[in-house]
Every structure is written in C-alpha cells, then in structure tokens.
Amino acid sequence: MSDSQLNIAIRHTLHTAQGTLPMEVSFSLEKAAIMALTGPSGAGKTTLLKQIAGLLMPEEGKIAIGNALWLDTQNQYKSPPQQRNIGFVFQDYALFPNMSVAENLTFALPKGGDKTIVEELLEATRLENLADRKPSQISGGQQQRVALARALVRKPELLLLDEPFSAVDPEMRYQLQEFILKFHKLYQFTAIIVTHETSEIFRLADQVGIMENGKLTQFGPPAQVYLNNSQPEKDLYIHGEIINYTKTADCILANAWIDNKIRLIELPFGMEEKALTGKKFTLCLSLQSPEILWLS
Amino acid sequence: MDYQPIWLTFRLATITSAILLVLALPVAYWLAFGKFKGRGVVEAVIGLPLVLPPSVIGFYLLLAFSPSYWFGAWIEKVLGLRLVFSFPGLVIASILYSLPFMVYPIRAGLQSLPASLREASYTLGKTEMQTFFKVLLPNCKPAILTAFVLTFAHTVGEFGVVLMIGGNIPGVTKVASVAIYNEVEALNYGVANQYALILFAITFVILLLVYSINNRLLRVRQSA
C-alpha cells in the first residue's frame with residue numbers, strides 16, 4: 001500500500017425495491033487516477049459515492065486516502081464530510097438557488113480563503129459573464145459547469161461525480177469531459193465518475209469498476225475490462241458512419257461519425273470498396289481483435 | 001370606540017409570532033431532519049392545538065398558570081411574574097396555541113428542499129449551522145413567510161384561550177375578539193361591527209400582501 005493511494009473497503013446492506021442486498025466493495029486507486037464506476041441502476045453506485053464522501057455511513061468499512069484516515073468502523077472512527085477533502089458533483093448539480101453563480105463558488109471557500117481561485121475557475125469554465133446570474137437564469141450545461149467549478153474551489157484531493165453526463169446533450173457532454181480532463185491535468189485530483197457511457201469511460205478513465213448487485217464484479221483498466229472480455233455479451237460495440245476517406249501509402253484513413261463526434265479511424269487496405277461514404281458500421285471490440293461489421 | 005383592543009391584538013400577534021419564529025426554527029429543523037426516537041410523541045404534542053377545543057387548552061393553562069398550583073407558584077417565586085390574567089401569560093398561551101402553525105409550514109418547506117443541497121454544503125466544508133442559515137433558510141422563504149402569517153392570523157383570531165386565562169382586563173388582556181363578544185353581549189352591534197370590520201380589513205390586506213409576495217418569490221424560483 002503506497003501512501004498516495006485511495007483505499008476503500010466497505011460492507012453494507014443496500015435497501016432496494018427488490019429487497020435487501022449485501023454490498024461489498026473494496027478497491028484501491030493510485031493518486032491522480034480517474035476511475036469510472038458503471039453498472040445497472042440500483043447496484044449501489046451512488047450509495048458508494050456518498051459513503052466515500054461521508055454523507056452516508058456504511059455498516060462496516062475503512063476508507064483512507066494518502067495518510068489521511070476517513071473511516072475506520074473497527075476503531076469507531078469517522079471523519080465528517082466537512083473534513084474530507086472532496087469535491088462532489090451531484091446528479092442534480094445541487095446549486096444553491098439563493099446565490100449567484102459567483103456566490104455559489106465563493107460559498108465553498110474556507111474562511112479567509114484566497115478568492116483568486118474563484119475567478120480562475122469562472123474564467124476556465126467560461127462563466128465570467130454569467131457570474132451574477134442565479135442558477136435558474138442559466139442553461140443546464142452552464143449549471144453543470146458551475147457545479148464542477150464549485151466542487152473544485154477547495155482543490156479537493158478526491159473528486160466524486162455522480163452521473164454528470166446523464167442530463168445534458170452530447171455536445172455539452174463532450175465539453176464537460178474536456179473540462180474534467182483539463183482540470184485534472186491542472187490540479188491532479190483523484191476522481192471517481194459514475195457513468196454509463198462506454199465511450200466516456202475509454203476517454204476519461206484509467207480504471208473502470210463495474211458494479212452489479214452491490215459488488216464490484218470487474219475492476220481494471222478499461223481496455224482490459226472491456227476488450228479482454230471473453231464473455232460475448234459483454235463485448236463493446238461502437239456504432240458509426242463513414243463520412244469520407246483518404247488513401248495513404250499503407251492504409252485508408254476515414255473520417256467516421258462515432259458517438260456524435262467525427263473521429264479519424266485507420267482501416268487496413270482491402271476494405272477500400274467496403275468503406276464507402278455514408279456506410280454505417282459497427283465496430284466490435286472483442287477478444288483483443290477489433291472487427292468491423294458493415295451494416296449498410 | 002376604544003381602539004385599545006385592536007392595538008392589543010396586533011401587539012400580541014406580533015410578539016407571539018416573533019418569539020415563535022425563533023423557537024420554531026430549531027424545532028422544525030429537528031423534526032425535518034433529526035434522527036431520534038419518539039418523534040411521533042413530539043409531533044402529536046405540537047399538533048394538539050390543531051384539534052383540541054381552545055377552552056380545553058385554556059382550562060389547563062389556567063390551572064398551570066395559577067399561583068395555587070406548583071408551576072404558577074414556581075414562576076411567581078422565580079421570576080416574580082403572575083401569568084394568569086396578564087399579558088405575558090397571554091403571550092405564553094398564544095405561543096403554545098399557535099405552535100403548529102409556525103412549525104409545520106417551516107418543516108414542510110425544509111423537507112421540500114432537495115437533500116443534495118444540504119449534502120453539497122457539507123461537502124463544501126460547511127457545518128450544519130452554516131448550512132441551515134445560509135442554504136436551507138434562504139431557500140424556503142415562502143414557507144417561512146406563510147408560517148409567520150398563519151401564526152399571526154391565528155393569534156389575531158384567538159378567543160377561547162384568551163377568555164380562559166386572560167379575562168378581559170382593558171389594556172392588558174382585552175383583545176379585539178373578546179371586545180367584539182362583549183359588545184355583542186351588551187347589544188352594541190354598531191361598535192362590534194366596527195371592531196369586526198377593522199379586523200377583517202387588516203387581516204385581509206395582510207393575507208393579500210403575503211400571497212402576492214409568495215407568488216412573486218415562487219415565480220422567480222420557477223422561471224428558468
């Protein structure tokens with residue numbers, strides 16, 4: 001166990017619509033790693049996030065980050081959420097309606113804290129012009145940026161994001177990912193993101209945990225978890241459409257519309273007559289050998 | 001016509017509502033978010049004035065406040081205060097009588113706020129107290145306003161309790177509702193009508209103001 005790690009071991013009973021479910025989760029994260037937490041709803045993802053934040057108390061468990069101990073039920077130790085150096089982005093953003101955008105951020109400052117971070121974050125999230133607006137007077141995407149910026153005011157060691165991508169359109173989703181990556185580079189926080197989108201997991205995460213029925217059934221780098229998977233029903237499928245292509249000396253470079261973004265993909269020779277403009281395809285990433293099925 | 005009963009009524013209602021607001025905030029918060037056993041008992045006790053005839057409450061308060069019983073005797077000994085047939089006694093009785101009208105709307109307002117607001121404030125390092133005053137209360141202003149006005153109006157309309165423990169000492173305990181009753185008993189319908197009209201007009205204007213303010217607050221909140 002290095003001291004730059006987040007270590008989590010939790011045992012709890014989940015109360016779901018289907019009855020009680022034992023929850024058992026343990027994993028470690030390197031400092032500054034981004035972990036995606038995914039799985040069906042009701043599996044306990046939000047509960048886990050709130051337990052890490054200290055908003056919910058697990059029946060048994062130990063949570064430590066670096067040298068700081070946050071929870072140790074065996075020794076009856078629990079630090080309150082206020083004393084855990086975290087940032088939490090809630091699914092509903094939880095912006096304070098009575099405060100302006102700037103006030104929402106300033107509220108997060110500790111007493112006598114340096115205000116420059118607030119201006120820095122407003123500028124970085126391109127919210128300076130909206131600083132005096134109330135949350136109800138800005139768009140959903142802007143609200144989300146406020147929530148992210150507010151969670152970063154205290155320069156948290158650990159950033160927790162509960163389905164930040166679920167409520168906004170793909171354009172904004174992409175933009176938010178950019179912001180998360182940018183801030184991650186800047187502040188080097190460890191992050192846990194609850195998300196359902198496989199493409200996002202690949203784009204953002206160093207580690208992915210799949211949670212099912214209260215248990216972390218799979219954990220590891222996304223490529224390993226998704227691509228080395230021998231169970232056919234867990235293959236990763238990427239759907240796309242060829243927009244145009246150019247030939248180079250040794251391959252075909254095609255611009256493809258994948259997940260609402262134009263992406264350049266490399267295709268081997270011999271697919272030339274198949275990879276025509278307007279063709280729809282499904283990229284099947286399974287058993288370490290990507291395979292393309294041409295649909296139309 | 002003697003305006004003293006009207007003046008006394010509004011003085012009583014203002015003092016009662018102001019004290020109750022301070023008392024009800026922690027109680028409402030506790031009922032809304034506290035984790036404790038026996039919540040049902042506390043709720044039932046607070047809600048009693050909603051269902052009990054005012055004369056029942058008045059009767060027991062009369063006994064409690066009377067110097068011939070231990071509570072009244074103790075208050076008189078410690079504070080030098082006789083609560084029965086006095087203005088302070090009326091204030092205390094009104095506080096108990098109007099307690100649910102202040103506590104319940106505020107509790108409902110607190111509970112209607114998304115839990116994530118509280119949680120977000122905690123994760124931003126704020127204490128429960130800071131969260132309560134800076135996040136929760138400012139965001140349930142309509143509920144607080146409603147609670148205050150309901151309490152005020154309920155105290156203005158008080159009759160049975162006042163009659164039981166206050167009597168009708170002019171300038172001390174003779175409030176407008178009691179004055180109206182007295183005038184009607186004495187067949188002075190004209191004076192009774194004047195009192196009644198003034199009460200009617202003032203309370204109507206207050207309610208009108210409150211609902212327009214509340215609607216504006218809600219509209220601001222909902223416009224997105």
- Subset of region B:1-52, residues within 22 Å of B:Ile92 (Cβ to Cβ), free of Cβ contacts under 8 Å to residues at least 24 places away in the same chain and either not hydrophobic (A, V, I, L, M, F, W, C) or not in a helix (DSSP H, G or I) (or both), comes to B:Arg11, B:Pro26, B:Glu43, B:Leu52
- Listing of strands (runs of 3 or more DSSP E) fully contained in region A:1-52 that carry 2 or more residues being over 21 Å from A:Pro221 (Cα atoms): A:6-16, A:19-29
- Message: What pairs come out if I take residues in region A:67-94 that are more than 8 Å from every other protein chain (Cβ to nearest Cβ) and pair them with residues that are surrounded by 17 or more Cβ atoms within 10 Å (Cβ to Cβ) and of a type in the set (Asp, Glu) whose C-beta lies under 7 Å away, six or more apart or interchain?
- Response: A:Asn85/A:Glu157; A:Val89/A:Asp162
- Message: Checking the structure you have, find out if any residue of region B:211-223 is in a helix (DSSP H, G or I), over 19 Å from the mean Cα position of the chain (by Cα) and crowded, with 18+ Cβ neighbours inside 10 Å.
- Response: no
- Can you name the residue in region B:106-115 that is closer than 16 Å to B:Pro138 by Cβ and crowded, with 21+ Cβ neighbours inside 10 Å and is also farthest from the other protein chains (Cβ to nearest Cβ) among such residues? B:Ile106
- Reported set for region B:116-144 where residues are buried (at least 20 other Cβ atoms within 10 Å of the Cβ) and within 13 Å of B:Leu25 (Cβ to Cβ) is B:Leu136, B:Cys140, B:Ala143, B:Ile144
- Please specify each residue of region A:108-125 satisfying the condition of being in contact (Cβ under 8 Å) with a residue 40 or more places away in the chain, within 14 Å of chain B (Cβ to nearest Cβ) and buried (at least 17 other Cβ atoms within 10 Å of the Cβ). A:Ala108
- Quick count over region B:129-145, residues being more than 12 Å from B:Ser17 (Cβ to Cβ) and among the β-branched types (Val, Ile, Thr), is 2
- What about A:Glu128, is it in contact (Cβ under 8 Å) with a residue 60 or more places away in the chain and more than 17 Å from the chain's Cα centre (by Cα)? no
- The number of residues in region A:151-188 that are part of a loop (DSSP other than H, G, I, E, B), in contact with a Gly (Cβ under 9 Å, 6 or more places away or on another chain) and within 26 Å of A:Ser41 (Cα to Cα) is 3
- Selected residue (only one of B:Thr123, B:Thr127 is touching a Phe, Trp or Tyr at 6+ places or on another chain (Cβ under 6 Å) and within 14 Å of chain A (Cβ to nearest Cβ)): B:Thr123
- Query: Taking A:Glu103, is it within 12 Å of chain B (Cβ to nearest Cβ), on the phi < 0 side of the Ramachandran plot and of a type in the set (D, E, K, R)?
  - Reply: yes
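Every residue, every condition in (1) of a type in the set (A, V, I, L, M); (2) at pLDDT 90 or above; (3) under 30 Å from A:Tyr93 (Cα atoms), yes or no:
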position: B:Gly40; (1), (2), (3): no, no, no
position: B:Ile57; (1), (2), (3): yes, yes, no
position: B:Leu83; (1), (2), (3): yes, no, no
position: B:Ser86; (1), (2), (3): no, yes, no
position: B:Leu90; (1), (2), (3): yes, yes, no
position: B:Leu113; (1), (2), (3): yes, yes, yes
position: B:Arg118; (1), (2), (3): no, yes, yes
position: B:Leu124; (1), (2), (3): yes, yes, yes
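The values are calculated or read from the model by the stated rules, or taken from the named source; none is laboratory data. In this text, all values refer to a predicted model and were calculated from it rather than measured experimentally. Here the Cβ is made from the backbone with ideal geometry for all residues, glycine too, and neighbour counts use every protein chain on show.
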